[in-house]
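*Asks:* Just passing along the structure, written as structure tokens.
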Amino acid sequence: MAHAPAMDGNRQYAHHFLSADHEFETSKQGIWLFLLQEVLFFSPLFVAYYVFRGLHPADWHAAAQLLDWRMGALNTVILICSSLTMALAVHGAQTSNKKKLVVNLILTLGLACGFLVVKYFEYTHKFHMGIYPAGAFTYEGLGQYPAAKLYFSIYYAMTGLHGIHVLGGMAVMLWVLKRAMRGEFNAHYYTPVEMTGLYWHFVDLVWIYLFPILYLLG
Amino acid sequence: MAHTSHDGENYLNHEKGLWSWLSTIDHKRIGVMYLFTVLVFFFIGGVAAMLVRAELFRPGLTLMTADTYNKMFTYHGTIMVFMVVIPLIPSAFGNFVLPMMLGAKDVAFPKLNLASYYVWLAGALVATASLVVNQLDTGWTFYTPYSIRTSTSASWVLLGAFIMGFGGIFTSLNFIATIHKLRAPGLTWGRLPLFVWASYATAIVQLLATPVLALTLFLVVLERSTGIGIFDPKLGGDPVLFQHFFWFYSHPAVYIMALPAMGIISEVIPVHARKQVFGYWAIALATFGIALVAFVVWGHHMFVSGQSELANFLFSLITMFVAVPTGVKVFSWVATLYKGDLHFRMPLLYAFAFIFVFTIGGLTGVFLAALGSNVHLTDTYFVVAHFHYVMVGGTIMGMLAGLHHWFPKMSGRMYSEGWARVSWFLVFMGFNITFFPQFIVGSQGMPRRYYDYVPEFTTLNQISSVGAWIIGVGFVLMALYLLHALFRGAKAPPNPWGAATLEWAQDSPPPFHNFDKDPVVTHGPYDYRTSH
């Protein structure tokens, strides 16, 4: 219960809970269970990545050379910074510091946008070269590596699914931001901020795995 | 109305009108909505089954062309698996009784609970929409590369199953948090009803396995729309990888179907045998034993798919282990019955049917787990008979035990025992008449999924078809006496069976707000001496 908000007799909570703390702890377990299934949701793509990498190591290496590790590294830095601002936002809510909460949420949203902008440039650059998922792959520079097009199928599937999670996180953050500006969160009640924070750290963590296996490992 | 503390107020009449149902966040009403919707799909899937058996009444073209037949068994399988057997017990009965068994006012996240229903319903409707677009003919397993190439509307069904999966994931998440956080004071882990243990294990399996299938099906949709190629051999992909992903979910799914049914049997037997359950912890832990093994046996569906011999050997060996915790449960139930004061009411009769049929289903599973006989029996009617003995014999018989056990609690009415016995006899006999001959034709080599067969198999197929129609008559009779009970049945007392779990401590039907006075638990779930 160390991180539970201090109990407040005036705080409303749903009728099937004993207290606000009880509600908070239950919500927290709920979001952890959700994140657990998210891990499994991403897992087939990781398995597919390693299966095909094992089958076609040379093709995998050649295809990975086409990704610009500097862009991936930039996005890694952006997301790690956004995790910091998200943590600061949660701290702002926990200490009833509305300004700190709102400013850091906006910063996190801005960094998430920055991530997507970088991703947009990476994607369009690849599209111009004819690097699409396998069925539409027209790039000819990897002719001697026929499995390279599968690499990009998996690249687009993994980063695309991750990108959708970034977008989902931004949508939730906008909703939290709106409520934060109305002053709904304070040391006694900040459940949505905390839960959004946990989700956002998860999204960052997925990228922490995607960056090395896609950009560096080759 | 005796025993009513709210002047006849209950969850059914607390609010009136369709909208009060569609917008409810009351777990009891959501449970009833699931039950109603699932039974509608059960009817559709059942009609498809009757038509499949009608086509197989004679060799050659009897009623429908090969193409229509392919679609017919595909819809029978897809509807029965994704829209009936998986959501049936957890979502319908789990929602209705689980919070009450815990002494809770509701599930942990009531709004998410309603959302789960609509997500699942939306998925079911998307899948059903394929019927009017261009029906599906891949079989319920959606094996690639055929599911990529087929011109039938695979994407709709795949997308529908993808969406339905999230309904199940949210329900599971909800149940786990409810069991952890909302138990009444005094309801220690050792006092949890065994149905709660079963629901807990099921929820864990569903939470961890479903997302894998969801993403896999979505990848097949991407194969069809953008040619992503991961499962497409033409683009260098691997169709066997699809089978691995598919069975990584779909084998545990068998336990998503079976474990809650076992939970119901563990409730019904002590209550109607008037005896403390034998081996409480053995049953509870065996539930988790099964859930654990469930995740590492998927390869036994792929013995002839080109797995390595080592993988085949290991999967075969581990599969045999499933028999151990399952056997622990069956023996515990039988030991509970031993020297019990048996009341042969409908729930107990269905529990007997469950044990009889499920044991045959389990034992024939050992034939399929053994590598040598598996090669001979793969894709024959032996497999069809086996999984119907497990799914229908297990889940549906368990569900019927639960339906007859909790019907008085849900509806506040008693049904006619006499007609119920006739219906039980028809369903139980019809089931065995339908599926036992399929073991024989299967072992003689009749392949599954063909609309035609060699004339030698005619007699056994005709017996099987007649059996199917007997089941059909049994279910129609059941619908009639249950509908009659709903409107004309005698009023049910709060605890007609003398059960000791908390859902029976309330009126039948229960009030809108569970438990006026927060319950404090002082005895075990099957402790009939101290509870009365």
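*Asks:* Determine by what factor the alpha-carbon radius of gyration of region B:18-505 differs from 2.2 N^0.38 Å, reporting the quotient. List each step's numbers first, then the result.
*Replies:* Values: Rg = 21.7 Å, N = 488, 2.2 N^0.38 = 23.1 Å.
So region B:18-505 has a normalised radius of gyration of 0.94.
*Asks:* Cα axis of helix B:239-273 to longest principal axis of chain B: angle in degrees, 0 to 90, nearest 10?
*Replies:* So the inclination is approximately 30 degrees.
*Asks:* Across peptide B:181-193, what mean number of C-beta atoms from other chains lies inside 10 Å of a residue's C-beta? Show your work: numbers first, answer last.
*Replies:* Numbers: counts 11, 5, 0, 0, 1, 0, 0, 0, 0, 0, 0, 0, 0.
Mean partner-chain Cβ count within 10 Å for B:181-193: 1.
*Asks:* Which trypsin sites (Lys or Arg not before Pro) does region A:149-218 hold that lie in a coil by DSSP with at most 11 other beta carbons within 10 Å? Each step should come with its number before you reach the end.
*Replies:* Numbers: sites: A:K149, A:K178, A:R179, A:R182; in loops: A:R182.
When the trypsin sites (Lys or Arg not before Pro) of region A:149-218 are filtered for loop state and at most 11 Cβ neighbours within 10 Å, A:R182 remain.
*Asks:* Sorted from largest down, what three extents in whole angstroms do the Cα atoms of region B:312-400 have along their principal axes?
*Replies:* Principal-axis extents of the Cα atoms in region B:312-400, largest first: 46, 24, 15 Å.
*Asks:* Then there is this: Using only Cα atoms and rounding to the nearest 10 degrees, what angle (0 to 90) does helix A:69-94 make with the longest principal axis of chain A?
*Replies:* 10 degrees
*Asks:* Here's a follow-up. Would you count, across chain B, every pair of lysines whose alpha carbons are under 18 angstrom apart, provided the pair is eight or more residues apart or spans two chains?
*Replies:* Close lysine pairs under the 18 Å cut-off: 12.
*Asks:* Can I ask one more? Would you kindly find the accessible area of B:L208, with a 1.4 Å probe and non-protein molecules such as ligands, DNA and RNA excluded, rounding to the nearest 10 Å²?
*Replies:* Accessible area of B:L208: about 40 Å².
*Asks:* Excluding same-chain residues fewer than 8 positions from A:K178, which lysines have a Cα within less than 19 Å of its Cα?
*Replies:* The qualifying lysines are A:K98, A:K99, A:K100.
*Asks:* Can you give the average number of partner chain beta-carbon atoms within 10 Å of each beta-carbon in peptide B:167-176, as a whole number?
*Replies:* Values: counts 0, 0, 6, 4, 0, 2, 8, 2, 1, 5.
The per-residue average across the peptide is 3.
*Asks:* Sorted from largest down, give the three principal axis spans of the alpha carbons of region B:364-420, whole angstrom values.
*Replies:* The principal-axis extents, from largest down, are 53, 18, 13 Å.
*Asks:* Please report the net charge: other residues with Cβ closer than 14 Å to the Cβ of A:N75, K and R +1, D and E -1.
*Replies:* Details: positive: A:R70, A:K119; negative: A:D68, A:E122, A:D204.
Combined, the nearby Lys, Arg, Asp and Glu give -1.
*Asks:* As a test question: what accessible area, to the nearest 10 Å², does B:V454 have when a 1.4 Å probe is rolled over all protein chains in place?
*Replies:* Accessible surface of B:V454 is approximately 70 Å².
*Asks:* By the scheme Lys and Arg +1, Asp and Glu -1, what is the net charge of all other residues having a beta-carbon under 14 Å from that of B:T65?
*Replies:* Working: positive: B:K71; negative: B:E55, B:D67, B:D137, B:D452.
Residues close to B:T65 contribute a combined charge of -3.
*Asks:* Relative contact order for region B:38-103: what percent, with Cα pairs under 8 Å and sequence separation of 6 or more? If you can, show how the numbers build up before the last one.
*Replies:* On the way: 39 pairs, mean separation 28.4, N = 66.
Relative contact order comes out at 43 percent.
*Asks:* Okay, next question. Near B:T226, within a Cβ-to-Cβ distance under 13 Å, what is the net charge of the other residues, with Lys and Arg +1 and Asp and Glu -1?
*Replies:* Details: positive: A:K149, B:R224; negative: B:E223, B:D232.
Taking every Cβ under 13 Å from that of B:T226, the sum is 0.
*Asks:* Counting only protein chains, not ligands or nucleic acids, how are B:R345, B:R529, B:R421 ordered by accessible area (probe 1.4 Å), most first? Before the final figure, lay out each step's value.
*Replies:* Working: B:R345 50, B:R529 210, B:R421 105 Å².
The ranking, largest first, comes out as B:R529, B:R421, B:R345.
*Asks:* Hey, another quick one. Within the accessible area of region B:18-505, what % is carbon and sulfur when the probe is 1.4 Å and the other protein chains stay in place?
*Replies:* The C+S portion of the solvent-accessible surface of region B:18-505 is 74 percent.
*Asks:* Further, regarding this structure: How would B:H251, A:H15, A:H128, B:H386 line up by accessible area, probe 1.4 Å, largest first?
*Replies:* On the way: B:H251 10, A:H15 105, A:H128 165, B:H386 35 Å².
Largest accessible area first, the residues go A:H128, A:H15, B:H386, B:H251.
*Asks:* Something else: Residues of region B:91-115 with backbone nitrogen within less than 12 Å of a virtual label 7 Å along the Cα-to-Cβ line of A:H15, please, listed as ranges.
*Replies:* Hits in region B:91-115 for A:H15 at 12 Å: B:105-106.
*Asks:* Using C-alpha positions alone, give me the convex hull volume of the protein assembly as shown per residue in cubic angstrom.
*Replies:* 165 Å³
*Asks:* Please report the accessible area of B:D379 (heavy atoms, 1.4 Å probe, ligands and nucleic acids excluded) in Å², nearest 10.
*Replies:* 90 Å²
*Asks:* Something else: Can you put B:E55, B:E309 in order of accessible area, largest first, using a 1.4 Å probe? Provide the component values of the computation, followed by the final result.
*Replies:* Values: B:E55 0, B:E309 160 Å².
From most accessible down to least: B:E309, B:E55.
*Asks:* To continue, here is another question. How far is helix B:346-369 tilted off the main Cα axis of chain B, in degrees rounded to 10, range 0 to 90?
*Replies:* Helix B:346-369 and the main axis of chain B meet at about 30 degrees.
The values are calculated or read from the model by the stated rules, or taken from the named source; none is laboratory data. Bear in mind that the values here come from a model prediction, so they are computed numbers and not experimental data. Counting neighbours? That spans all protein chains shown, and the Cβs are built from the backbone with ideal geometry, glycine included. Accessible surface is based on the protein model in full, side chains and every heavy atom, while ligands, DNA and RNA are left aside. Shrake-Rupley method; radii C 1.70, N 1.55, O 1.52, S 1.80 Å.
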